Amino acid sequence: MQMRNPTFEVRPSVITGDTADVYLHRTQRILRNEGLNPTVSMQFSASREAVLSGSLEVKALISKVTSEGNRELWAVEEGSHISQNEVCLEIKAPYSSFGLYETAICGVLAHQTGWATAARDVVKTANGVPVVSLGAHNVHPSVAAVMDYAAVVGGCVSGSTVLGAQLAGTAPVATVSGALVQLMGTAVQAMLAFDKAVAPDVQRIAYVDPRKDIVEQVEQVARASGTNLDSVRLARTAGGRPVAAEDVQRVREKLDSISARKVGIVVSGRLTPERVSQLLDAGAPVDVFHDVSYIASAAPVAFLPNIRTISDREVPQETEPPPPNPRLRRLL
């Protein structure tokens, strides 16, 4: 997919190598002592099939630590399906200019690709119903925005954090918060207060209290909000039970019966592909899915670094090396 040009923050601790494996620091010191700094070609290959994300963040890092005219960075396009053992990124530069960042490069690719792959799985199962990633609650704040970005690479329409939406070139998506409903007393009071305080171009997505009758609340909010209401969000029902297809259907019927047909229904929760499939197969009239943890908790996809050439000489490999990957495109 064609992505915008995100501006990733490269933290000082990454530049100094404080987040790098210590053996890489020792390697750099030994090479300096020996007066060695050959130009190497290092390749990064995927450990399994996945959806690639992270090459543009790697570009931001390599841009800061290497010299223009003395570096090459090649990568498969963000959002592409990649195969097991496929070389997805390649760097050619003097080793000491980037070798310390092997840890960071592998980590960026591993986590972004894991999130993007999980997002693609949900989006594919949703079969045209938009999916939004609301998983920032479930990751460390230092990576929340990057997780949102990777989710968009994987096919989500947006995420919930301001910075993540900036990286992805989308508008952040959120509902009226459950905390506001509790603090204001009712879903109606929360929605009316939200309507007064928030700019009119922001979507009005009401949150209904799962401890009360959700259909009754939806009717009350829709009548009180009138044409301002865009959607209602269903998370759970009484007893903490996940929303079922029949719950969504009852809400749709109620909205239609009070001439609120334009009001959409958002279903949120941990939206595994299996849960999405169950809802849609059962005929749930869902307009948007909000995933709160499946994408965020995706396992990283390990990337394997490997030096392929030193001073343009081929390095013997443990296994038969793959042929050049025609999908690699030069980024630097």
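Quick notes on this one:
- Residues that are touching a helix residue (DSSP H, G or I) at 6+ places or on another chain (Cβ under 9 Å) and either of a type in the set (Val, Ile, Thr) or buried (at least 20 other Cβ atoms within 10 Å of the Cβ) (or both), drawn from the stretch 229-246: Leu229, Val232, Leu234, Ala235, Thr237, Val243
- Count of the stretch 257-276 residues, restricted to those that are open to solvent by less than 50 Å² (accessible area, probe 1.4 Å) and part of a helix (DSSP H, G or I), is 3.
- Residues being in a loop (DSSP other than H, G, I, E, B) and surrounded by 15 or more Cβ atoms within 10 Å (Cβ to Cβ) - total across the stretch 277-294: 7
- Residue within the stretch 208-215 that is β-branched (Val, Ile, Thr), part of a strand (DSSP E or B) and surrounded by 15 or more Cβ atoms within 10 Å (Cβ to Cβ) present: no
- Selection within the stretch 31-75 - surrounded by 22 or more Cβ atoms within 10 Å (Cβ to Cβ), of a type in the set (Ser, Thr, Tyr) and either in contact with a strand residue (DSSP E or B) (Cβ under 8 Å, 6 or more places away or on another chain) or part of a strand (DSSP E or B) (or both): Ser55
- Summed over the stretch 310-332, the residues that are open to solvent by 100 Å² or more (accessible area, probe 1.4 Å) and modelled with pLDDT of 85 or more give a count of 9.
- If you go through the stretch 146-163 and keep only what is more than 21 Å from Val129 (Cβ to Cβ), out of contact with any strand residue (DSSP E or B) (no Cβ under 8 Å at 6 or more places or on another chain) and either open to solvent by less than 10 Å² (accessible area, probe 1.4 Å) or not in a loop (DSSP other than H, G, I, E, B) (or both), you end up with Val146, Val162, Leu163.
Yes or no, residue by residue, for (1) touching a residue at least 60 places away in the same chain (Cβ under 8 Å); (2) aromatic (Phe, Trp, Tyr); (3) closer than 30 Å to Trp115 by Cβ:
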residue	(1), (2), (3)
Ala187	no, no, no
Val198	no, no, yes
Ile205	yes, no, yes
Thr227	no, no, no
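The values are calculated or read from the model by the stated rules, or taken from the named source; none is laboratory data. Keep in mind it's a predicted model, so treat the numbers as computed, not measured. Glycine gets a Cβ as well: all are built from the backbone with ideal geometry, and neighbour counts include every protein chain shown. Ligands, DNA and RNA are stripped out before the accessible areas are found, and what is left, the full protein with its side chains, is counted by its heavy atoms. Shrake-Rupley method; radii C 1.70, N 1.55, O 1.52, S 1.80 Å.
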